[in-house]
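The values are calculated or read from the model by the stated rules, or taken from the named source; none is laboratory data. In this text the structure is predicted, and so the values were computed from the model without any measurement. Heads up, the Cβs are rebuilt from the backbone with ideal geometry, glycines too, and the neighbour counts pull from every protein chain shown.
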Amino acid sequence: MTTSVRLVEITGDNRDAVCALRVHPGQERFVASVAKSLEDAATTPEGEPWYRAVYVGDEPVGFVMLSWDVPPGRPGVLGPYYLWRLLVDGRYQGRGIGRAVLVEVVSLVRAVGGTELLTSHQPDDDGPGAFYRKFGFVPTGEIDDGEPVLRLDL
Ligand SMILES: CC(C)(COP(=O)(O)OP(=O)(O)OC[C@H]1O[C@@H](n2cnc3c(N)ncnc32)[C@H](O)[C@@H]1OP(=O)(O)O)[C@@H](O)C(=O)NCCC(=O)NCCS
């Protein structure tokens, strides 16, 4: 299934709608809410946060946040390109949106010369690990903050 997504800046106009997005009950342990992510972005400038709302047509359906072009040597910050948060609202999951966001993000990182994209995830069997591995991410063997780290060569 191919789904067309747009990555849209978050402004005063769409902030409430994007913050209202929710994963399925039980998935909250895999990812922080949009509001918490925006707070983390504001309080963690050393993580070089870059984030967008995910839209299908005119409808906000998800959220993505990366560490973008982190200079080497920042303790505790994975990079230079690290997929920090990704969520698709429960009503829209399973339609290829998450995969389409990864395709967009990979294309943006490649366009600025990035050669790999890192991510990490909660290790639970029903978590998003299989989603990332299906896309091509491979475990690096590292554990960051209790989460296995995965790498995608670009
Ligand atoms: C993980 C998440 C982003 C995936 O988004 P999505 O739009 O539902 O995924 P897609 O429909 O694009 O799925 C792409 C493929 O991955 C598979 N997949 C998706 N989620 C999966 C999961 N949790 N386990 C195993 N496979 C999964 C799909 O079956 C699909 O497989 P296919 O190519 O054979 O059809 C979304 O389910 C989500 O927001 N989950 C809760 C929050 C979360 O865990 N975020 C990640 C934090 S690190």
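Regarding region 63-79, can at least one residue be identified that is within 16 Å of the ligand (Cβ to nearest atom), surrounded by 20 or more Cβ atoms within 10 Å (Cβ to Cβ), among the small types (Gly, Ala, Ser) and in contact (Cβ under 8 Å) with a residue 40 or more places away in the chain? Scanning region 63-79, I find no residue that is within 16 Å of the ligand (Cβ to nearest atom), surrounded by 20 or more Cβ atoms within 10 Å (Cβ to Cβ), among the small types (Gly, Ala, Ser) and in contact (Cβ under 8 Å) with a residue 40 or more places away in the chain, so the answer is no.
In region 80-89, of all residues being among the aromatic types (Phe, Trp, Tyr) and more than 10 Å from the ligand (Cβ to nearest atom), the one that is surrounded by the fewest Cβ atoms within 10 Å (Cβ to Cβ) corresponds to 82.
Just to be sure, is residue 7 in contact (Cβ under 8 Å) with a residue 12 or more places away in the chain, touching a helix residue (DSSP H, G or I) at 6+ places or on another chain (Cβ under 7 Å), within 15 Å of the ligand (Cβ to nearest atom) and assigned to a loop (DSSP other than H, G, I, E, B)? No.
In this structure, residue 101 does not satisfy being more than 9 Å from the ligand (Cβ to nearest atom) and either of a type outside the set (D, E, K, R) or within 20 Å of residue 6 (Cβ to Cβ) (or both). Counting only strands (runs of 3 or more DSSP E) that sit wholly inside region 55-154, those with at least 1 residues that are of a type outside the set (A, V, I, L, M) and in contact with a Ser or Thr (Cβ under 7 Å, 6 or more places away or on another chain) are 59-68, 81-88, 138-144, 147-153.
I'd like to verify a number: residues in region 138-154 that are touching a helix residue (DSSP H, G or I) at 6+ places or on another chain (Cβ under 9 Å) and under 10 Å from residue 119 (Cβ atoms), how many? Number of matching residues: 3.
Given the criterion out of contact with any His (no Cβ under 9 Å at 6 or more places or on another chain), at pLDDT 95 or above, more than 10 Å from the ligand (Cβ to nearest atom) and among the aromatic types (Phe, Trp, Tyr), identify the matching residue among 92, 55.
Numbers: 92 fails: more than 10 Å from the ligand (Cβ to nearest atom).
Within the list 92, 55, the selection yields 55.
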